[in-house]
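Reading through the C-alpha coordinates given below for one structure.
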Amino acid sequence: MKNSAVERDVALARAIPKAELHIHIEGSLEPELIFALAQRNGVKLPYDSVQALRTAYAFTDLQSFLDIYYAGASVLLQEADFYDMAWAYFLRAQADHVIHAELFFDPQTHTARGVPMATVIQGLSRACADAKAQLGISAALILCFLRHLSEEDAFATLEAALPYREHFIGVGLDSSELGHPPEKFQRVFARCRELGLRAVAHAGEEGPAEYIWQAIDGLQVQRIDHGVACLEDPLLMAELAYTRLPLTVCPLSNLKLCVVKDLAEHPLKKMLDAGLCVTVNSDDPAYFGGYLNANFEQTVRALALSEADVVQLARNSFEASFVTDAERAAMRQTLERALAEATA
Ligand code: HPA
Ligand code: ZN
(Lines give C-alpha, C1' and ligand atoms only; values in the text may rest on other atoms or scores of the structure.)
(Ligands and ions follow the chains in the order given, each with its own letter.)
Protein backbone atom coordinates (compact mmCIF):
# COMPACT_ATOMS: atom_id res chain seq x y z
CA MET A 1 0.00 0.00 0.00
CA LYS A 2 1.16 3.53 -0.79
CA ASN A 3 2.05 5.68 2.20
CA SER A 4 -1.04 7.86 2.12
CA ALA A 5 0.37 10.47 4.51
CA VAL A 6 3.26 11.14 2.11
CA GLU A 7 0.87 11.28 -0.86
CA ARG A 8 -1.26 13.80 1.01
CA ASP A 9 1.77 15.94 1.88
CA VAL A 10 2.99 15.87 -1.73
CA ALA A 11 -0.45 16.96 -2.95
CA LEU A 12 -0.52 19.76 -0.37
CA ALA A 13 2.99 20.96 -1.31
CA ARG A 14 2.05 21.05 -4.99
CA ALA A 15 -1.23 22.89 -4.45
CA ILE A 16 -0.37 25.69 -2.04
CA PRO A 17 0.84 29.17 -3.04
CA LYS A 18 4.60 29.66 -2.75
CA ALA A 19 7.39 32.11 -3.53
CA GLU A 20 10.42 31.10 -5.58
CA LEU A 21 13.58 33.00 -4.59
CA HIS A 22 16.43 31.10 -6.23
CA ILE A 23 15.97 30.68 -9.96
CA HIS A 24 18.60 31.67 -12.52
CA ILE A 25 16.47 32.69 -15.45
CA GLU A 26 19.13 31.50 -17.90
CA GLY A 27 18.80 28.12 -16.19
CA SER A 28 15.15 27.91 -17.22
CA LEU A 29 16.10 27.74 -20.92
CA GLU A 30 14.75 24.38 -22.05
CA PRO A 31 16.66 22.57 -24.84
CA GLU A 32 13.71 23.09 -27.22
CA LEU A 33 13.83 26.85 -26.66
CA ILE A 34 17.65 26.88 -27.01
CA PHE A 35 17.26 25.29 -30.45
CA ALA A 36 14.38 27.56 -31.46
CA LEU A 37 16.33 30.69 -30.49
CA ALA A 38 19.50 29.38 -32.17
CA GLN A 39 17.54 29.03 -35.38
CA ARG A 40 15.84 32.43 -35.00
CA ASN A 41 19.23 34.12 -34.43
CA GLY A 42 21.40 32.06 -36.76
CA VAL A 43 23.57 30.80 -33.89
CA LYS A 44 25.46 27.55 -34.50
CA LEU A 45 25.27 25.14 -31.56
CA PRO A 46 27.84 22.42 -30.86
CA TYR A 47 24.96 19.90 -30.59
CA ASP A 48 23.01 18.31 -33.50
CA SER A 49 19.69 17.90 -31.75
CA VAL A 50 17.62 18.60 -28.66
CA GLN A 51 18.28 15.00 -27.65
CA ALA A 52 22.06 15.36 -28.02
CA LEU A 53 21.96 18.48 -25.86
CA ARG A 54 19.87 16.77 -23.18
CA THR A 55 22.30 13.86 -23.17
CA ALA A 56 25.10 16.30 -22.29
CA TYR A 57 23.27 17.15 -19.04
CA ALA A 58 25.25 14.67 -16.94
CA PHE A 59 27.09 16.78 -14.40
CA THR A 60 29.78 15.82 -11.93
CA ASP A 61 30.11 19.15 -10.14
CA LEU A 62 29.20 22.85 -10.40
CA GLN A 63 31.81 23.68 -13.07
CA SER A 64 30.74 20.84 -15.38
CA PHE A 65 27.24 22.35 -15.29
CA LEU A 66 28.34 25.98 -15.68
CA ASP A 67 30.26 25.16 -18.91
CA ILE A 68 27.04 23.90 -20.54
CA TYR A 69 24.84 26.57 -18.95
CA TYR A 70 26.96 29.41 -20.41
CA ALA A 71 26.98 27.65 -23.83
CA GLY A 72 23.15 27.43 -23.70
CA ALA A 73 22.85 31.14 -22.91
CA SER A 74 24.78 32.01 -26.10
CA VAL A 75 21.54 31.87 -28.14
CA LEU A 76 20.16 34.94 -26.30
CA LEU A 77 20.73 38.02 -28.45
CA GLN A 78 17.58 40.13 -28.85
CA GLU A 79 15.24 41.65 -26.29
CA ALA A 80 12.52 39.24 -27.44
CA ASP A 81 14.77 36.28 -26.56
CA PHE A 82 15.08 37.43 -22.95
CA TYR A 83 11.35 38.10 -22.84
CA ASP A 84 10.46 34.68 -24.28
CA MET A 85 12.78 32.87 -21.87
CA ALA A 86 11.29 34.59 -18.82
CA TRP A 87 7.72 34.23 -20.07
CA ALA A 88 8.20 30.47 -20.51
CA TYR A 89 9.40 30.32 -16.89
CA PHE A 90 6.41 32.29 -15.61
CA LEU A 91 3.99 29.88 -17.31
CA ARG A 92 5.73 26.98 -15.52
CA ALA A 93 5.75 28.92 -12.26
CA GLN A 94 2.03 29.59 -12.53
CA ALA A 95 1.37 25.86 -13.00
CA ASP A 96 3.29 25.25 -9.74
CA HIS A 97 1.29 27.88 -7.82
CA VAL A 98 4.18 30.31 -7.53
CA ILE A 99 2.65 33.69 -6.67
CA HIS A 100 5.91 35.60 -6.19
CA ALA A 101 9.27 35.06 -7.92
CA GLU A 102 12.65 36.76 -7.62
CA LEU A 103 14.71 36.00 -10.70
CA PHE A 104 18.51 35.98 -10.90
CA PHE A 105 20.09 37.08 -14.16
CA ASP A 106 23.75 37.09 -15.23
CA PRO A 107 24.36 40.23 -17.31
CA GLN A 108 28.09 39.58 -17.78
CA THR A 109 27.29 36.36 -19.66
CA HIS A 110 25.52 38.52 -22.23
CA THR A 111 27.42 41.80 -22.28
CA ALA A 112 30.66 39.84 -22.83
CA ARG A 113 29.10 38.65 -26.14
CA GLY A 114 28.22 42.21 -27.17
CA VAL A 115 24.58 42.14 -26.05
CA PRO A 116 23.71 45.57 -24.60
CA MET A 117 22.66 45.76 -20.92
CA ALA A 118 19.44 47.49 -22.04
CA THR A 119 18.46 44.48 -24.19
CA VAL A 120 18.87 42.08 -21.27
CA ILE A 121 17.12 44.14 -18.61
CA GLN A 122 14.31 45.48 -20.75
CA GLY A 123 13.40 42.03 -22.10
CA LEU A 124 13.32 40.49 -18.63
CA SER A 125 11.58 43.46 -17.08
CA ARG A 126 8.81 43.43 -19.67
CA ALA A 127 8.18 39.74 -18.95
CA CYS A 128 7.97 40.54 -15.21
CA ALA A 129 5.40 43.25 -15.87
CA ASP A 130 3.34 40.89 -18.03
CA ALA A 131 3.58 38.13 -15.39
CA LYS A 132 1.94 40.49 -12.91
CA ALA A 133 -0.68 41.79 -15.34
CA GLN A 134 -1.61 38.52 -17.03
CA LEU A 135 -0.74 35.75 -14.55
CA GLY A 136 -1.04 37.50 -11.19
CA ILE A 137 2.57 36.60 -10.32
CA SER A 138 4.59 39.38 -8.70
CA ALA A 139 8.14 39.24 -9.98
CA ALA A 140 11.42 41.06 -9.41
CA LEU A 141 14.95 40.86 -10.80
CA ILE A 142 18.25 40.34 -8.95
CA LEU A 143 21.43 41.14 -10.88
CA CYS A 144 24.17 38.57 -10.22
CA PHE A 145 27.88 39.20 -10.49
CA LEU A 146 29.95 36.32 -11.85
CA ARG A 147 32.44 35.52 -9.11
CA HIS A 148 35.01 33.92 -11.44
CA LEU A 149 35.49 37.40 -12.94
CA SER A 150 37.17 40.31 -11.15
CA GLU A 151 35.61 42.77 -8.72
CA GLU A 152 36.57 45.49 -11.21
CA ASP A 153 34.39 43.75 -13.81
CA ALA A 154 31.55 43.63 -11.27
CA PHE A 155 31.90 47.39 -10.68
CA ALA A 156 31.74 48.03 -14.45
CA THR A 157 28.64 45.82 -14.68
CA LEU A 158 26.95 47.72 -11.85
CA GLU A 159 27.78 51.01 -13.56
CA ALA A 160 26.29 49.77 -16.87
CA ALA A 161 23.13 48.62 -15.09
CA LEU A 162 22.50 51.81 -13.10
CA PRO A 163 20.51 53.55 -15.87
CA TYR A 164 18.01 50.67 -15.34
CA ARG A 165 18.13 50.82 -11.55
CA GLU A 166 14.34 50.77 -11.15
CA HIS A 167 14.17 47.40 -12.92
CA PHE A 168 16.11 45.37 -10.33
CA ILE A 169 15.80 45.12 -6.57
CA GLY A 170 19.14 43.70 -5.60
CA VAL A 171 22.41 42.00 -6.44
CA GLY A 172 23.70 38.46 -6.04
CA LEU A 173 26.88 36.48 -6.49
CA ASP A 174 27.02 33.28 -8.53
CA SER A 175 29.18 31.06 -10.80
CA SER A 176 32.27 29.04 -9.72
CA GLU A 177 32.41 29.15 -5.93
CA LEU A 178 35.65 27.42 -4.93
CA GLY A 179 38.60 29.82 -5.04
CA HIS A 180 36.28 32.84 -5.36
CA PRO A 181 35.27 33.67 -1.77
CA PRO A 182 32.69 36.36 -0.99
CA GLU A 183 35.38 38.66 0.46
CA LYS A 184 36.65 39.21 -3.12
CA PHE A 185 33.50 41.33 -3.70
CA GLN A 186 33.34 43.27 -0.44
CA ARG A 187 33.79 46.73 -2.01
CA VAL A 188 31.24 46.32 -4.78
CA PHE A 189 28.64 44.99 -2.32
CA ALA A 190 29.31 47.98 -0.04
CA ARG A 191 28.59 50.26 -3.01
CA CYS A 192 25.40 48.32 -3.76
CA ARG A 193 24.22 48.81 -0.17
CA GLU A 194 24.78 52.56 -0.51
CA LEU A 195 22.56 52.44 -3.58
CA GLY A 196 19.78 50.81 -1.56
CA LEU A 197 20.05 47.46 -3.32
CA ARG A 198 19.26 44.20 -1.55
CA ALA A 199 22.11 41.72 -1.37
CA VAL A 200 22.29 37.93 -1.57
CA ALA A 201 25.14 35.55 -2.38
CA HIS A 202 25.67 31.92 -3.27
CA ALA A 203 27.73 30.50 -0.42
CA GLY A 204 28.27 27.03 1.00
CA GLU A 205 27.06 25.20 -2.11
CA GLU A 206 30.42 23.56 -2.91
CA GLY A 207 32.40 25.96 -0.73
CA PRO A 208 32.94 25.76 3.05
CA ALA A 209 30.91 27.24 5.93
CA GLU A 210 33.60 29.95 6.11
CA TYR A 211 32.23 31.38 2.83
CA ILE A 212 28.78 31.70 4.47
CA TRP A 213 30.33 33.69 7.34
CA GLN A 214 32.07 35.92 4.78
CA ALA A 215 28.80 36.53 2.94
CA ILE A 216 27.08 37.46 6.20
CA ASP A 217 29.82 39.57 7.81
CA GLY A 218 31.69 40.87 4.75
CA LEU A 219 28.91 41.30 2.18
CA GLN A 220 26.11 41.81 4.73
CA VAL A 221 23.72 39.75 2.65
CA GLN A 222 20.03 39.45 3.50
CA ARG A 223 19.81 35.85 2.27
CA ILE A 224 22.22 33.02 1.55
CA ASP A 225 21.76 31.02 -1.63
CA HIS A 226 22.25 27.27 -1.02
CA GLY A 227 24.18 27.44 2.27
CA VAL A 228 23.97 23.69 2.84
CA ALA A 229 27.57 23.70 4.16
CA CYS A 230 26.25 25.44 7.32
CA LEU A 231 25.79 22.01 8.88
CA GLU A 232 29.59 21.76 9.22
CA ASP A 233 29.58 24.60 11.74
CA PRO A 234 27.39 24.46 14.90
CA LEU A 235 28.11 28.10 15.71
CA LEU A 236 26.89 29.15 12.27
CA MET A 237 23.77 26.98 12.66
CA ALA A 238 23.02 28.74 15.95
CA GLU A 239 23.56 32.15 14.35
CA LEU A 240 21.27 31.32 11.40
CA ALA A 241 18.57 29.99 13.72
CA TYR A 242 18.78 33.08 15.93
CA THR A 243 18.74 35.66 13.13
CA ARG A 244 16.49 33.65 10.78
CA LEU A 245 18.64 34.86 7.90
CA PRO A 246 16.98 32.91 5.09
CA LEU A 247 18.66 30.20 3.02
CA THR A 248 17.37 29.42 -0.47
CA VAL A 249 18.00 25.70 -0.82
CA CYS A 250 17.74 23.82 -4.13
CA PRO A 251 17.47 20.06 -3.54
CA LEU A 252 17.43 18.78 -7.15
CA SER A 253 20.37 21.06 -8.01
CA ASN A 254 22.35 19.64 -5.07
CA LEU A 255 21.56 16.13 -6.30
CA LYS A 256 22.45 16.80 -9.97
CA LEU A 257 25.70 18.61 -9.10
CA CYS A 258 26.70 15.83 -6.67
CA VAL A 259 26.63 18.06 -3.58
CA VAL A 260 24.62 15.17 -2.09
CA LYS A 261 24.80 11.54 -3.27
CA ASP A 262 21.14 10.86 -2.68
CA LEU A 263 18.16 13.11 -1.91
CA ALA A 264 17.57 11.00 1.20
CA GLU A 265 20.87 12.44 2.50
CA HIS A 266 19.89 16.03 1.83
CA PRO A 267 20.23 18.27 4.94
CA LEU A 268 16.99 20.24 4.32
CA LYS A 269 15.05 18.48 7.08
CA LYS A 270 17.89 18.97 9.58
CA MET A 271 17.98 22.67 8.67
CA LEU A 272 14.21 22.96 9.19
CA ASP A 273 14.38 21.11 12.50
CA ALA A 274 17.15 23.45 13.67
CA GLY A 275 14.80 26.39 13.16
CA LEU A 276 16.49 27.90 10.10
CA CYS A 277 14.44 29.97 7.66
CA VAL A 278 15.02 27.53 4.80
CA THR A 279 13.13 27.62 1.50
CA VAL A 280 12.85 25.22 -1.47
CA ASN A 281 13.76 26.47 -4.95
CA SER A 282 14.61 25.14 -8.41
CA ASP A 283 17.94 26.94 -9.22
CA ASP A 284 18.28 25.91 -12.91
CA PRO A 285 15.14 23.88 -13.55
CA ALA A 286 15.76 23.14 -17.25
CA TYR A 287 19.06 21.49 -16.34
CA PHE A 288 18.31 19.83 -13.01
CA GLY A 289 15.19 17.83 -13.76
CA GLY A 290 12.34 19.95 -12.56
CA TYR A 291 10.64 23.17 -11.55
CA LEU A 292 9.49 24.15 -8.08
CA ASN A 293 6.84 21.49 -7.56
CA ALA A 294 9.20 18.74 -8.72
CA ASN A 295 11.66 19.94 -6.07
CA PHE A 296 8.94 19.87 -3.42
CA GLU A 297 7.57 16.51 -4.48
CA GLN A 298 10.89 14.66 -4.61
CA THR A 299 12.10 16.22 -1.37
CA VAL A 300 8.89 15.43 0.52
CA ARG A 301 9.20 11.81 -0.62
CA ALA A 302 12.95 11.40 0.00
CA LEU A 303 12.93 13.02 3.44
CA ALA A 304 9.37 12.02 4.46
CA LEU A 305 8.56 15.65 5.22
CA SER A 306 5.45 16.17 7.32
CA GLU A 307 2.48 18.42 6.63
CA ALA A 308 3.93 20.84 9.21
CA ASP A 309 7.26 20.87 7.33
CA VAL A 310 5.54 21.62 4.02
CA VAL A 311 3.53 24.46 5.55
CA GLN A 312 6.66 25.85 7.22
CA LEU A 313 8.55 25.83 3.90
CA ALA A 314 5.77 27.77 2.19
CA ARG A 315 5.56 30.27 5.07
CA ASN A 316 9.35 30.66 5.01
CA SER A 317 9.23 31.49 1.30
CA PHE A 318 7.13 34.57 2.04
CA GLU A 319 9.10 35.46 5.16
CA ALA A 320 12.26 35.46 3.00
CA SER A 321 10.79 37.47 0.09
CA PHE A 322 11.98 41.01 -0.68
CA VAL A 323 8.52 42.60 -0.59
CA THR A 324 6.82 45.28 1.45
CA ASP A 325 5.12 44.39 4.73
CA ALA A 326 1.72 44.91 3.08
CA GLU A 327 2.63 42.59 0.20
CA ARG A 328 3.94 39.96 2.63
CA ALA A 329 0.74 40.14 4.68
CA ALA A 330 -1.35 39.66 1.53
CA MET A 331 0.74 36.67 0.41
CA ARG A 332 0.50 35.10 3.86
CA GLN A 333 -3.24 35.52 3.79
CA THR A 334 -3.43 33.87 0.36
CA LEU A 335 -1.44 30.94 1.79
CA GLU A 336 -3.52 30.64 4.95
CA ARG A 337 -6.75 30.66 2.91
CA ALA A 338 -5.40 27.92 0.62
CA LEU A 339 -4.34 25.88 3.66
CA ALA A 340 -7.76 26.22 5.22
CA GLU A 341 -9.35 24.99 1.98
CA ALA A 342 -6.88 22.16 1.45
CA THR A 343 -7.19 20.81 4.95
CA ALA A 344 -10.98 21.37 5.35
N1 HPA B 1 25.65 27.90 -8.48
C2 HPA B 1 26.47 28.89 -8.86
N3 HPA B 1 26.26 29.58 -9.96
C4 HPA B 1 25.20 29.30 -10.72
C5 HPA B 1 24.33 28.29 -10.36
C6 HPA B 1 24.56 27.56 -9.18
O7 HPA B 1 23.83 26.64 -8.78
N8 HPA B 1 23.38 28.27 -11.33
C9 HPA B 1 23.66 29.23 -12.21
N10 HPA B 1 24.78 29.87 -11.85
ZN1 ZN C 1 21.95 29.19 -7.93
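The values are calculated or read from the model by the stated rules, or taken from the named source; none is laboratory data. In this text, all values refer to a predicted model and were calculated from it rather than measured experimentally. For neighbour counting, all protein chains shown are included, and Cβ atoms are generated from backbone atoms with ideal geometry for every residue, glycine included. The accessibility values were calculated without ligands, DNA or RNA, using every heavy atom of the protein model including side chains. Shrake-Rupley method; radii C 1.70, N 1.55, O 1.52, S 1.80 Å.
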Tell me yes or no: at least one residue of segment 111-118 is open to solvent by less than 10 Å² (accessible area, probe 1.4 Å) and not β-branched (V, I, T). no
Top-ranked residue in segment 200-210 [being under 13 Å from D174 (Cβ atoms) and not in a loop (DSSP other than H, G, I, E, B); ranked as farthest from ligand 1 (Cβ to nearest atom)]: V200
For L255: the one exception among (1) crowded, with 21+ Cβ neighbours inside 10 Å; (2) touching a strand residue (DSSP E or B) at 6+ places or on another chain (Cβ under 9 Å): (2)
Helices (runs of 4 or more DSSP H) within segment 266-344 that include 1 or more residues surrounded by fewer than 18 Cβ atoms within 10 Å (Cβ to Cβ), more than 16 Å from the chain's Cα centre (by Cα) and in contact (Cβ under 8 Å) with a residue 12 or more places away in the chain: 268-273, 292-303, 307-319, 325-342
Assigned to a strand (DSSP E or B), within 16 Å of ligand 1 (Cβ to nearest atom) and touching a helix residue (DSSP H, G or I) at 6+ places or on another chain (Cβ under 6 Å): which single residue out of A101, A86 fits that description? A101
Which of (1) closer than 18 Å to C250 by Cβ; (2) out of contact with any Phe, Trp or Tyr (no Cβ under 6 Å at 6 or more places or on another chain); (3) away from ligand 1 (no atom under 16 Å from the Cβ) is the odd one out, the single condition L21 does not satisfy? (3)
Go through (1) hydrophobic (A, V, I, L, M, F, W, C); (2) crowded, with 21+ Cβ neighbours inside 10 Å; (3) within 16 Å of ligand 2 (Cβ to nearest atom) for F189 and report which single condition fails. (3)
With the structure loaded, tell me whether A93 is part of a helix (DSSP H, G or I), free of Cβ contacts under 8 Å to residues at least 60 places away in the same chain and of a type outside the set (D, E) or whether it fails that test. no
So G218 ticks every box in (1) in contact with a strand residue (DSSP E or B) (Cβ under 6 Å, 6 or more places away or on another chain); (2) more than 16 Å from ligand 2 (Cβ to nearest atom); (3) within 22 Å of L245 (Cβ to Cβ); (4) not acidic (D, E) but one. Which box is left unticked? (1)
Residues of segment 44-98 being within 16 Å of ligand 2 (Cβ to nearest atom), over 17 Å from the mean Cα position of the chain (by Cα) and either small (G, A, S) or at positive phi (or both), in sequence order, are S64, G72
Can you name the residue in segment 236-252 that is in contact (Cβ under 8 Å) with a residue 24 or more places away in the chain and away from ligand 2 (no atom under 16 Å from the Cβ) and, of all such residues, is most open to solvent (accessible area, probe 1.4 Å)? R244
